[in-house]
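Reading through the structure tokens given below for one structure.
The values are calculated or read from the model by the stated rules, or taken from the named source; none is laboratory data. The model shown is predicted, which means the values in this text are computed figures rather than measured ones. Ideal geometry is used to build each Cβ from the backbone, glycine not excepted, and the neighbour counts take in all protein chains shown.
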Amino acid sequence: MKKFILLSFLLISMQAVFGQRYLTKTFDSVLVQSDIQYGFNFNYKGDSTKLYLDIYTPYGDTAIQRPLVVLAHGGSFVQGNRKLADIVTVCKKLTEMGYVTVSIQYRLGVDIASGNTLEKEFQQAVFRGAQDGRAAIRFLNKSVQNGNPYKLNANEIYTGGISAGGVLGLQLAFLESPDEVASLVIDTNVIGGVEGNSGNSGYSWKVKGVVSLCGAMGNVSWMNNNKDISICNMHGTNDATVPYKTNYFKFFGTNVAILQGGFSVDSMAQKQNMNTRLYTFKGADHVPFSGTTATNILYMDTTLKYVASYLYKQVTGLTPSGIQEKQLKQISFGIYPNPANDEINLQFETAGSKQLSIFNMTGEQVYNNTILEKTFKLNIASLAKGIYLIEMKDQNGLGKQKLIVN
């Protein structure tokens, strides 16, 4: 009983210390320091390119250490800049909550006349962007060790962005081991390797979490070696630019490469028991919060609240008051035979509507159906040999089991 009272007291004390900081607007003004050079490299044409970022800090803040959120703009890695309205809005609003935010410029462009495939050109563009993002974080970590002029907490660094920026953030955080890099169709050593040559070598670029707003990964298996990184995904089910699940990214109607969007990223992260969350914009297209219509503004409000609740819990360890994260009960079900060849039988405790999904080990959904019966026979002859995850959901519960197909 004493331990419970002490824990309750500590939680109340922590909430009193943080208040609504990191969750809602706490500061009326934001100081923007623009056009700070963080690095240098060569673009896809071989031209020398200076790399800049803008730093947003809460004006009048007396805290000596603040969480850092480093964000990248959208534009399919061929256009856009760090001063686009949507990325500026996210930076300013998060800064008003007490964070230090940074909007980075990264190298853009693909050479469609190079003779390379579009897949190779875009992989190079994404890899260059991730290198630049790492250089930016190294620059900021370097500043911490040299007087810490921006009053940063080096243990609370998050990255990500909007659309291509979300892609950049996920690749920055997770694409790092030799076997992962070897899966790319490009020669990464030619363009600088995992660390890149954009500057500030010797400092860390590691992050605690990723905020991917309508972003994606090239391969969700890259998360296998970084299970301690948390992920916040937001994505629209009707996204025709960056797939919500697993599909091709298209460039002017041409299939470029398979991308795995927010749903697939979140599904794989759940399998790995990672700290992950996904907000689905049901029926929405790409980046529904970008624009000036009333609907866009409502989507932006939802986006900011969801991201803020994620960051608040990561930074403070507290669940925001008034925000209840629903705990789903465990659904029990049987699978036999398992391992199986052509057919399996599923046995549930009760009849009723349940959503049955099967995922392969890259996070791709290979089967989906609504089940009403208490027992169900499923033909799996079309599935390739390997390990799969069977996921069962109903209104209140969730159950997962592995299936081996021989």
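Odds and ends about this structure:
- For segment 45-68, the condition holds for no residue, the condition being that it is in contact with a helix residue (DSSP H, G or I) (Cβ under 7 Å, 6 or more places away or on another chain), farther than 22 Å from P149 by Cβ and either modelled with pLDDT of 95 or more or part of a loop (DSSP other than H, G, I, E, B) (or both).
- F251 vs. criteria under 29 Å from G352 (Cβ atoms) and in contact with a Leu (Cβ under 8 Å, 6 or more places away or on another chain): no
- E96 being at pLDDT 95 or above, of a type in the set (D, E), in the same structural domain as P178 (by TED's automatic domain parsing) and surrounded by fewer than 21 Cβ atoms within 10 Å (Cβ to Cβ): yes
- Of the residues making up segment 106-118, just one is surrounded by fewer than 18 Cβ atoms within 10 Å (Cβ to Cβ) and under 23 Å from the mean Cα position of the chain (by Cα), namely G109.
- Members of segment 359-380 found to be under 15 Å from D394 (Cα atoms) and outside any loop (DSSP other than H, G, I, E, B), listed by number: N368, N369, T370, I371
- The listed residues are I390, I371, I358, I344, and the only one of them that is touching a Lys or Arg at 6+ places or on another chain (Cβ under 6 Å), at pLDDT 85 or above and either surrounded by 18 or more Cβ atoms within 10 Å (Cβ to Cβ) or of a type in the set (D, E) (or both) turns out to be I371.
- The number of residues in segment 86-107 being touching a Cys at 6+ places or on another chain (Cβ under 9 Å) and among the β-branched types (V, I, T) comes to 2.
- Out of S103, S29, sole residue that is among the small types (G, A, S), under 25 Å from the mean Cα position of the chain (by Cα) and modelled with pLDDT of 95 or more: S103
- Count of residues meeting criterion [surrounded by 22 or more Cβ atoms within 10 Å (Cβ to Cβ) and of a type in the set (V, I, T)] in segment 75-93: 2
- The numbered conditions (1) out of contact with any Leu (no Cβ under 8 Å at 6 or more places or on another chain); (2) under 24 Å from R134 (Cα atoms) are all true for K245 except (2).
- Residue within segment 299-310 that is modelled with pLDDT under 85, of a type in the set (A, V, I, L, M) and in contact with a strand residue (DSSP E or B) (Cβ under 7 Å, 6 or more places away or on another chain) present: no
- Number of residues in segment 279-299 that are among the hydrophobic types (A, V, I, L, M, F, W, C) and surrounded by 21 or more Cβ atoms within 10 Å (Cβ to Cβ) equals 3.
- Which listed residue, of V102, V144, V167, is free of Cβ contacts under 8 Å to residues at least 12 places away in the same chain, buried (at least 19 other Cβ atoms within 10 Å of the Cβ) and touching a strand residue (DSSP E or B) at 6+ places or on another chain (Cβ under 6 Å): V144
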